[in-house]
Amino acid sequence: MKYFMGRKTKIKKILIDSCVWIALYDPNDRQHNKAIRVFKNIEKHQREIVVHALVVIETLSIIKYKKIVGNDLEQIRINLVDNRINNYVSQIIVEPDKNNWRLLEADNKMGLVDILLLDYCIKNNLELVTFDKHLDERWVRGK
């Protein structure tokens, strides 16, 4: 089943957090149906999906460790990084600035990956789609 649209439009690009991808691939995840609706909405509005390498790493790692039945990791990896489907960002630049380090030290609910993705979205004018309530709150405040 394909949930990847990848239609190139002039509409704002979005970055999808790993928790949304994981929910999409895990039918037992409590957010599974919500993830399906997110991807249908993306298709309906012809939004372009940006996939960051950190999201690929997190998604594949968690799917592997959760041992989500019926998922072929290789096929998921191909779906995530196929530039015909998504705009894959393979360059991982981990250069947190002083504000990122302060946020990491001050906010016990945010990890470094979330902070880097938040910063990437802000700097590249991307919308962030996440089911992580705390990250979403930070995203809304930061845009």
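Which ones in region 16-31 are surrounded by 21 or more Cβ atoms within 10 Å (Cβ to Cβ) and among the acidic types (Asp, Glu)?
Asp17, the sole residue that qualifies.
Restricting attention to region 110-133, report how many residues are in a helix (DSSP H, G or I) and hydroxyl-bearing (Ser, Thr, Tyr).
1
We did not get these values from a lab; they are worked out from the coordinates using the rules stated. Computed from a prediction, not measured in an experiment: that's the story for all the values here. Don't worry about glycine lacking a Cβ; one is built from the backbone with ideal geometry, like all the others, and counts go over all protein chains shown.
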